[in-house]
Each structure stands twice: as C-alpha cells, then as structure tokens.
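S.K.: Below: one structure in structure tokens.
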Amino acid sequence: MAITINPISPVAFSVFGLDVRWYALAYVAAFVIGYFMLRHFVRRPDSQISLDKRQLDDLLTAIILGVIIGGRLGYVLFYNLPFFMAHPLEIFAVWHGGMSFHGGLVGVIVAVFWFARNQIKRNQIKGSVYNTAFNILDILAVIAPVGLFFGRIANFINMEVMGRPTDVPWAVVFSGQTSIPRHPSPLYEATTEGILLFVIMYCLYRFTKLRKYPGALGGMLGMLYAVFRIFCEQFRAPDAQIGFLTNWGLTMGQLLSAIMFVAGAIIFATAFRKKTK
C-alpha cells in the first residue's frame, strides 16, 4: 500500500505580497551553509589554499552566478531547447523552474577559474591558475552535496522529478494530484547524492592525502555523483518533454552523468600526473 501525502504548498511564506518559495529557500540555505563550510575549510591548517574574507565574498558571488547562469543554460540547452527557442523570454523566467545540475557544475567550474585567474592577475594569490582553481574546486567538492540535499528536498516538496510508477511499500501518492503510486525519487537522490556523497567526500578530504593533488577530489566527486545519479535515474521518471533517449531506457540525466564520469576520471588521473612531474 502506498503512502499518501498531502501536498505541501511550494510557497513557504509571503512577505508584503511577495511569495517566498521553498525552492528559493533551498538555494539560500545551500549558499549560506556552503559559505561557512568554505570558510572553515580554507582556515584549516591542512588547507591547500588560503583566502581572506574579501576573497571569500568575491568567490561566493562568482559561485552563485555560476550556479544560476550555468544551471539555467544547462536546462535550456539539454532539456527543453525547442520550447525556449519558441519562447526566448522564458529563459529568464527562472521562477517558473528549470535548473540543471550538470549545467550548474560547468558554471561553477568556469566561475572558479575566472576567480583564480583574476586573483593571480592582481597578485592576490600566487601560483598557477590550474592549481589555484582546482584547490578551490576540491573544497567545493566536499561542500556541493549539501546543496544537492536541499535541492532534492525542495524537488520533493514541489512534487517535481518524481519517480516511475511502482508497487513498493514506500511508494508515495500526493493526495488530490494523482492516484498512481510512484517512487519518491527526489528522496533517493537526497540520500545518495546528498547525505552519502557528503560523508564519502568529507572522509576522502579528512582522512586521505587526495587534497594534496589539485583536482583529485573534484574528479572523484564527478565520478561518484555520476554513479549515484545514473542509479537513481532507474527510478526517476524521464522528463515529459524528452522521454527516453533510446528504446532501452536511457535518460538525459544518465547521458550527461556518463559524460561527467569520464570527465571526472580524466581530471582525477591528470591530478596525479601533474603532481608526479
């Protein structure tokens, strides 16, 4: 028997007639917690990079822009390009939903490399752009699952990216929305891509020497996230406007994650090659 859940309003509260949505709060929580975690990691004696408060503020601004711009463009290009070509102004209507983790990841990488280049150009940080950027990205690789956790919980509240029909005992039905029991796939992703991935990445940072190899932790995040996402996509319904990409059930999320796995493996291997030269 499925678990029946009363839908939760996507609006958390209103202030002077302005609706504040759970999805927006998830982003705010991720950025605020992520900032303090980033500050903690760069101040640790074993940190491979040191940033003062002004640099941290500039980095956070770059990351926020990278997440939002990259996430939105990724969704536009990979998930609903025909619609946005017909309605170009909707590209800017982010409040209507539609963000891609893979696009946001690319956006963050670009933003961090831009930040590193800018800081080195101003002589605020010494070293190469490559090592500086990947030392930052390695720390962000430990923090990123926290944002993923909040994002997936918001997905569940909004009844987004729900799972495929199933008869498992923990299947969910949102009262008044549908009578079809479905996998609570956002909760699967919150558990694997959020909690489990954070524990693994933190342990790798804290108890191994991978942090001494710029890019190693970032590459590991890419590979592990890809594995968890490909697994969870087995239970998640494909996007309605795309469907399955093949007759054997490949989804866009799995395709992008497979590419991400290969990229992560290359970065991981390159980190050790550069260190040993």
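Computed from the coordinates by the stated procedures, all read-outs in this text should not be read as laboratory data. Just so you know, these numbers come straight off a predicted model, no measurement behind them. Methodologically, a virtual Cβ is constructed for each residue, glycine included, from the backbone with ideal geometry; neighbour enumeration extends over all protein chains shown.
S.K.: Please list the radius of gyration and Dmax for the range 24-91, considering alpha-carbon atoms only, with Å as the unit.
M.R.: 16.5, 53
S.K.: In nm, to one decimal, how far is the residue 83 label point from the residue 15 one, both placed 7 Å along Cα→Cβ?
M.R.: Each label point lies 7 Å from its Cα, and together they span 2.9 nm.
S.K.: Counting other C-beta atoms within 10 Å, and keeping those with at most 10, which DSSP coil trypsin sites (Lys or Arg not before Pro) do you find in the range 1-88?
M.R.: Listed in order of number, the matching sites amount to none.
S.K.: Mean 1/r over all different Cα pairs, inverted: what Kirkwood radius does the chain give, in Å?
M.R.: 19.9
S.K.: Then there's this: If one takes the longest principal axis of the Cα atoms in the chain, at what angle in degrees, from 0 to 90 and to the nearest 10, does the Cα axis of helix 101-121 lie?
M.R.: Compared with the principal axis, the helix lies near 20 degrees.
S.K.: Using only Cα atoms, tell me the angle between helix 197-207 and the longest principal axis of the chain; keep it within 0 to 90° and round to the nearest 10.
M.R.: Value to nearest ten degrees: 20.
S.K.: When only Cα pairs under 8 Å and 6 or more residues apart are kept, what is the percent relative contact order across the chain?
M.R.: Contact order relative to length: 21 percent.
S.K.: Can you tell me which of 38, 210, 77 moves the most in a GNM of the chain? Springs connect C-alpha atoms under 10 Å apart.
M.R.: 77
S.K.: Which loop trypsin sites (Lys or Arg not before Pro) in the range 204-249, with loop taken from DSSP, have no more than 14 other Cβ atoms within 10 angstrom of their Cβ?
M.R.: Details: sites: 206, 209, 211, 212, 229, 236; in loops: 209.
Those satisfying the criteria are 209.
S.K.: Right, next: For the range 175-277, what is the relative contact order in percent, using Cα pairs closer than 8 Å and at least 6 residues apart in sequence?
M.R.: For the range 175-277, the relative contact order is 33 percent.
S.K.: Around residue 44, what is the net charge, scoring Lys/Arg as +1 and Asp/Glu as -1 over all other residues with Cβ under 11 Å from its Cβ?
M.R.: Within the 11 Å Cβ shell, the charges total +3.
S.K.: Just to be sure I follow the definition: excluding the sites themselves, where is the longest run in the chain that has none of the chymotrypsin sites (Phe, Trp or Tyr not before Pro) in a DSSP loop with at most 10 other Cβ atoms within 10 Å?
M.R.: Answer - 17-247.
S.K.: Another question about this same structure. Taking the range 9-58 on its own, what percent of its Cα-Cα pair distances exceed 17 Å?
M.R.: On the way: 633 of 1225 pairs.
So the portion of pairs separated by more than 17 Å is 52 percent.
S.K.: Would you kindly give the portion of the calculated P(r) for the range 121-277 that falls above 19 Å, as a percent of all Cα pairs?
M.R.: 60
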